[in-house]
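J.: Quick one: the structure is below, and I'll ask about it shortly.
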Amino acid sequence: DFAKSKTLSQQRQFLPIFSVRDELLQVIRENQVVVVVGETGSGKTTQLTQYLHEEGYTRNGIVGCTQPRRVAAVSVAKRVSEEMETELGDTVGYAIRFEDVTGPKTVIKYMIDGILLRETLKDPDLDKYSVIVMDEAHERSLNTDVLFGILKKVVSRRRDFKLIVTSATLDAKKFADFFGGAEIFKIPGRTFPVQNLYHEDPCEDYVEAAVKQAMKIHMSSAPGDILVFLTGQDEIEAARQALSERMEEFVSSTNQPISKMLILPLYSQLAADSQAKVFQKAEDGIRKCIIATNVAETSLTIDGVFSVIDSGFCKMKVYNPRMGMDALQVFPVSRAAADQRSGRAGRTGPGTCYRLYTQSAYRNELLPSPVPEIQRTNLCQVVLLLKSLQVENLLDFDFMDPPPEDNILNSLYQLWVLGALDNVGNLTELGWKMVEFPLDPPLAKMLLTGEILGCTNEILTIVSMLSVPSVFFRPKDRAEESDAAREQFFEQESDHLTLLNVYKRWEAEAKQYRGEWCNVNFLHGKRLLKAREVRSQLLDILKTLKIPLSSCGRDRKIVRKAICSAYFQNAAGFKGVGEYINCRNGMPCHLHPSSALYGSGCTPEFVVYHEVILTTKEYMQCATPVEPRWLAELGPMFFSMRDSTSSMLEHKIKQKVVKTAMDEEME
Ligand code: ADP
Ligand code: MG
């Protein structure tokens with residue numbers, strides 16, 4: 001009701017941060033670094049930047065605000081431009097990877113933390129910024145953690161620069177200590193008590209349990225909206241469907257009317273207009289049930305929620321040494337995260353949090369706080385970046401929580417295999433070029449091999465298609481039709497070439513028919529448009545590096561060879577129908593049913609793949625057959641390697657005895 005009846009400026013004045021506005025600005029005036037702590041929803045993200053603007057900090061520079069999550073950067077920038085009554089991209093803008101919505105007049109810039117990190121490459125002192133707000137520092141995202149070390153230097157070099165670190169939790173002291181005892185400013189809380197209710201027994205299927213709980217709450221006519229925390233898009237869509245079916249069933253089997261419930265998903269890949277619905281108040285008498293990932297934990301605040309249902313799980317990117325790569329996996333949340341989730345029920349009035357796990361699990365099994373990303377993910381991209389920033393010894397870099405030494409060494413090793421580092425660990429010419437691309441190092445390498453082999457045009461498309469979510473649309477009730485549609489794009493049993501084909505044929509359609517063409521072919525038109533945007537930005541980078549656009553015409557074998565060069569970590573040898581085994585670490589990996597190779601009767605001895613997805617088993621996502629000699633041609637690098645994994649690999653490739661080695665492993 002509040003959001004409807006009050007103007008935006010009245011809403012601003014009602015936020016907890018407003019009551020301490022002047023004090024806060026004074027502390028900022030008197031200190032170069034300030035850590036601001038405040039409950040989720042107190043106004044840190046949307047108000048701080050505006051206060052700084054009103055106070056004149058944007059007269060000789062930009063106020064930048066970093067976000068660990070893309071969704072938040074976009075959503076908050078939109079909100080703030082509304083509050084300031086300006087067009088988005090004008091005074092207030094945002095920048096996320098491959099999407100820059102800022103202009104010459106932009107003075108408040110929300111951006112994903114990785115963007116600011118890349119800006120330090122061109123402008124080490126960040127001279128165009130007068131203030132940086134490092135928002136959501138408690139999330140401890142990889143890039144935020146690296147920025148901590150870099151911004152600490154900027155603070156010591158630029159007296160005119162202000163740094164504000166915000167956190168929704170009480171880890172503020174750690175941040176303050178890192179900056180040699182920065183000032184801590186607490187925004188007084190204004191929250192209502194939340195009662196936590198636990199499951200008596202561990203639940204087997206938390207999606208089902210969440211659906212049941214949501215039904216129960218809705219039937220009990222408890223007040224307010226419901227917020228459900230699940231781990232990802234698939235679960236959210238499944239829960240949404242189950243919940244609406246359950247509602248219909250109830251009505252048809254009991255003939256009792258029940259009041260309406262608006263079920264709204266919330267995850268990062270969601271289209272902007274669907275996201276906006278989450279913030280709008282539903283019509284009178286209609287309850288909202290928002291089913292979200294942990295983006296609703298602290299990054300986005302939703303008012304009006306009285307009940308939270310917490311699955312107790314979240315998806316996290318974790319470096320899996322067995323796979324030799326990062327994988328998104330489902331893990332129990334930490335106690336700190338569970339408390340954040342529960343707190344979402346107490347923003348508007350006293351609330352209830354239904355925890356779908358036992359109290360004993362909460363007390364004894366959950367970690368007190370999440371493990372920072374820097375300690376659990378692949379560091380290749382960060383290491384490449386730091387190397388280009390002339391950080392000589394990475395083991396000495398000023399990390400708040402240093403990553404395990406093994407992780408750093410492993411990343412150095414991977415970059416060396418890719419040819420980005422030389423034998424003494426300095427960036428090679430190739431490495432310097434790779435830094436220019438906002439891409440994972442293997443994809444940058446693919447592009448640059450395309451230069452050598454004369455197929456940048458094709459590789460550019462493949463890399464762009466790999467940088468957007470899957471363009472294939474596969475509705476459950478029309479699975480066969482959509483599979484048949486995809487098959488028309490298959491070529492040389494390569495999933496990478498399939499992507500290339502899709503893009504080429506889409507582009508060949510006249511603009512006005514593309515939408516229809518996408519529908520008929522079960523493709524996401526918006527994602528193809530996005531791929532085109534990515535492509536044009538990467539093309540700009542190629543131009544600045546003076547790398548010409550080249551094409552190998554119909555000779556797609558050359559394209560496969562370039563693809564091969566990127567994925568040395570992800571090369572796998574044939575084991576049996578549908579089954580491969582990673583050459584480096586012996587991990588079994590399977591052809592995905594959606595792959596062009598699956599059921600094709602073609603059984604190449606070696607394939608490379610983009611990534612592994614873990615569902616019921618390890619599936620190769622996007623695979624391409626390669627020739628053993630292409631792998632062997634990457635040889636010179638391996639011949640100088642000393643560690644046992646790599647010499648074993650070299651042996652395997654030379655002898656082609658992958659199969660036997662694997663059989664041994666299976667025993
Ligand atoms: P904090 O960063 O301290 O968690 P925010 O500044 O994000 O707080 O949010 C302050 C208030 O602004 C919240 O009440 C939230 O509901 C509201 N708000 C933020 N973004 C939006 C949006 N896109 N639409 C509507 N309201 C929003
Ligand atoms: Mg915030």
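J.: Of all residues in segment 92-111, how many are within 21 Å of Glu436 (Cα to Cα) and small (Gly, Ala, Ser)?
T.: The qualifying residues number 1.
J.: What are the residue pairs meeting all of these: first residue in segment 163-175, first residue farther than 15 Å from Pro368 by Cβ, second residue open to solvent by 20 Å² or more (accessible area, probe 1.4 Å) and within 16 Å of ligand 1 (Cβ to nearest atom), Cβ atoms under 6 Å, and 6 or more apart or on different chains?
T.: Sorted first by the residue in segment 163-175, then by its partner, the pairs are Ser167/His138; Ala168/His138; Ala172/Ile184.
J.: Quick check on my filter: what residues within segment 86-115 are without any contact (Cβ under 8 Å) to a residue 40 or more places away in the chain and part of a loop (DSSP other than H, G, I, E, B)?
T.: Once the filter is applied, which keeps residues that are without any contact (Cβ under 8 Å) to a residue 40 or more places away in the chain and part of a loop (DSSP other than H, G, I, E, B), segment 86-115 yields Thr86, Glu87, Gly89, Asp90, Thr91, Thr102, Gly103, Pro104, Lys105.
J.: Note down all Cβ pairs under 7 Å where the first residue falls in segment 54-82 and is farther than 16 Å from Asp113 by Cβ, the second is assigned to a loop (DSSP other than H, G, I, E, B) and acidic (Asp, Glu), and they're at least six residues apart or on different chains.
T.: Ser81/Glu87
J.: Checking the structure you have, find out if any residue of segment 347-362 is outside any helix (DSSP H, G or I), surrounded by 18 or more Cβ atoms within 10 Å (Cβ to Cβ) and under 24 Å from the mean Cα position of the chain (by Cα).
T.: no
J.: Here is a follow-up. Within segment 593-621, can you find the residues that are surrounded by 17 or more Cβ atoms within 10 Å (Cβ to Cβ), under 22 Å from Met316 (Cα atoms) and out of contact with any Ser or Thr (no Cβ under 8 Å at 6 or more places or on another chain)?
T.: Of everything in segment 593-621, those that are surrounded by 17 or more Cβ atoms within 10 Å (Cβ to Cβ), under 22 Å from Met316 (Cα atoms) and out of contact with any Ser or Thr (no Cβ under 8 Å at 6 or more places or on another chain) turn out to be His610, Glu611, Val612, Glu618, Tyr619, Gln621.
J.: Residue check: is Glu83 within 16 Å of ligand 2 (Cβ to nearest atom), of a type in the set (Asp, Glu), out of contact with any Phe, Trp or Tyr (no Cβ under 6 Å at 6 or more places or on another chain) and open to solvent by 10 Å² or more (accessible area, probe 1.4 Å)?
T.: Here the answer is yes, as Glu83 does meet what is asked.
J.: Out of the residues in segment 30-63 that are in a helix (DSSP H, G or I) and open to solvent by 40 Å² or more (accessible area, probe 1.4 Å), which is farthest from ligand 2 (Cβ to nearest atom)?
T.: If we take residues in segment 30-63 being in a helix (DSSP H, G or I) and open to solvent by 40 Å² or more (accessible area, probe 1.4 Å), then Glu30 is farthest from ligand 2 (Cβ to nearest atom).
J.: What are the residue pairs meeting all of these: first residue in segment 283-300, first residue farther than 23 Å from Asp234 by Cβ, second residue away from ligand 2 (no atom under 16 Å from the Cβ) and of a type in the set (A, V, I, L, M), Cβ atoms under 8 Å, and 6 or more apart or on different chains?
T.: The qualifying pairs are Ile286/Met261; Ile286/Leu262; Arg287/Ile226; Arg287/Met261; Arg287/Leu262.
J.: Moving on. So is Val92 at pLDDT 95 or above, open to solvent by less than 10 Å² (accessible area, probe 1.4 Å) and over 28 Å from Leu538 (Cα atoms) or not?
T.: For Val92, the condition - at pLDDT 95 or above, open to solvent by less than 10 Å² (accessible area, probe 1.4 Å) and over 28 Å from Leu538 (Cα atoms) - is not met.
J.: So, in segment 216-230, how many residues would count as being outside any loop (DSSP other than H, G, I, E, B) and open to solvent by 30 Å² or more (accessible area, probe 1.4 Å)?
T.: Matching residues across segment 216-230 total 2.
J.: What strands (runs of 3 or more DSSP E) lie completely within segment 155-215 and have 2 or more residues being within 27 Å of Ala238 (Cβ to Cβ)?
T.: By residue number, 194-198.
J.: Give me the residue from segment 244-277 that is touching a residue at least 40 places away in the same chain (Cβ under 8 Å) and within 16 Å of ligand 2 (Cβ to nearest atom) and, out of that set, farthest from Met316 (Cα to Cα).
T.: In this case the residue turns out to be Gln275.
J.: Tell me the residue from Glu87, Glu83, Glu55 that is near ligand 1 (Cβ under 10 Å from one of its atoms) and either over 30 Å from Thr293 (Cα atoms) or at pLDDT 95 or above (or both), please.
T.: None of the others qualify; the one that does is Glu83.
J.: What number goes with the only condition from (1) buried (at least 24 other Cβ atoms within 10 Å of the Cβ); (2) more than 22 Å from Cys380 (Cα to Cα); (3) not basic (Lys, Arg) that Thr144 does not pass?
T.: Of everything listed in (1) buried (at least 24 other Cβ atoms within 10 Å of the Cβ); (2) more than 22 Å from Cys380 (Cα to Cα); (3) not basic (Lys, Arg), Thr144 misses just condition (2).
J.: Here is a follow-up. Could you look through segment 100-122, keep only residues that are out of contact with any helix residue (DSSP H, G or I) (no Cβ under 6 Å at 6 or more places or on another chain), of a type in the set (D, E, K, R) and open to solvent by less than 40 Å² (accessible area, probe 1.4 Å), and pick out the one that is nearest to Arg59 (Cα to Cα)?
T.: Restricting to residues being out of contact with any helix residue (DSSP H, G or I) (no Cβ under 6 Å at 6 or more places or on another chain), of a type in the set (D, E, K, R) and open to solvent by less than 40 Å² (accessible area, probe 1.4 Å), the top hit is Lys109.
J.: In addition: Restricting the search to segment 523-577, which residues are under 23 Å from the mean Cα position of the chain (by Cα) and in a strand (DSSP E or B)?
T.: The answer is Leu523, and nothing else.
J.: Could you tell me whether segment 308-320 includes any residue that is within 16 Å of ligand 2 (Cβ to nearest atom) and either open to solvent by less than 10 Å² (accessible area, probe 1.4 Å) or under 28 Å from Gln375 (Cα atoms) (or both)?
T.: The answer is no, given that none of the residues of segment 308-320 is within 16 Å of ligand 2 (Cβ to nearest atom) and either open to solvent by less than 10 Å² (accessible area, probe 1.4 Å) or under 28 Å from Gln375 (Cα atoms) (or both).
J.: Quick one: count up the residues across segment 123-141 that are within 16 Å of ligand 2 (Cβ to nearest atom) and either surrounded by fewer than 16 Cβ atoms within 10 Å (Cβ to Cβ) or part of a helix (DSSP H, G or I) (or both).
T.: 3
J.: Here is a follow-up. Against the definition (open to solvent by 20 Å² or more (accessible area, probe 1.4 Å), at pLDDT below 95 and not in a loop (DSSP other than H, G, I, E, B)), how does Val330 come out, yes or no?
T.: yes
J.: Do we have Val27 as on the phi < 0 side of the Ramachandran plot, surrounded by fewer than 20 Cβ atoms within 10 Å (Cβ to Cβ) and not in a loop (DSSP other than H, G, I, E, B) here?
T.: So Val27 passes the test.
J.: Still on this structure: Being among the hydrophobic types (A, V, I, L, M, F, W, C), loosely packed, with under 15 Cβ neighbours inside 10 Å and in contact with a helix residue (DSSP H, G or I) (Cβ under 7 Å, 6 or more places away or on another chain): is that true of Phe192 here?
T.: yes
J.: Check Lys476, Lys543, Lys561, Lys504 and return the single one that is open to solvent by 40 Å² or more (accessible area, probe 1.4 Å), modelled with pLDDT under 95 and at negative phi.
T.: Checking each option against the conditions leaves just Lys476.
J.: Take the residues of segment 363-389 that are outside any helix (DSSP H, G or I) and out of contact with any Pro (no Cβ under 9 Å at 6 or more places or on another chain): which is surrounded by the fewest Cβ atoms within 10 Å (Cβ to Cβ)?
T.: Pro368
J.: Can you pull out the residues in segment 395-416 that are crowded, with 18+ Cβ neighbours inside 10 Å and among the hydrophobic types (A, V, I, L, M, F, W, C)?
T.: Within segment 395-416, Phe397, Phe399, Met400, Ile408, Leu412, Leu415, Trp416 qualify.
The values are calculated or read from the model by the stated rules, or taken from the named source; none is laboratory data. As the structure is a prediction and not an experimental result, all values here were calculated from the model. All Cβ positions, even for glycine, are placed from backbone atoms using ideal geometry, and neighbour counts span all protein chains on display. Just so you know, the surface numbers come from the protein's heavy atoms only, side chains and all, with ligands and any DNA or RNA stripped out. Shrake-Rupley method; radii C 1.70, N 1.55, O 1.52, S 1.80 Å.
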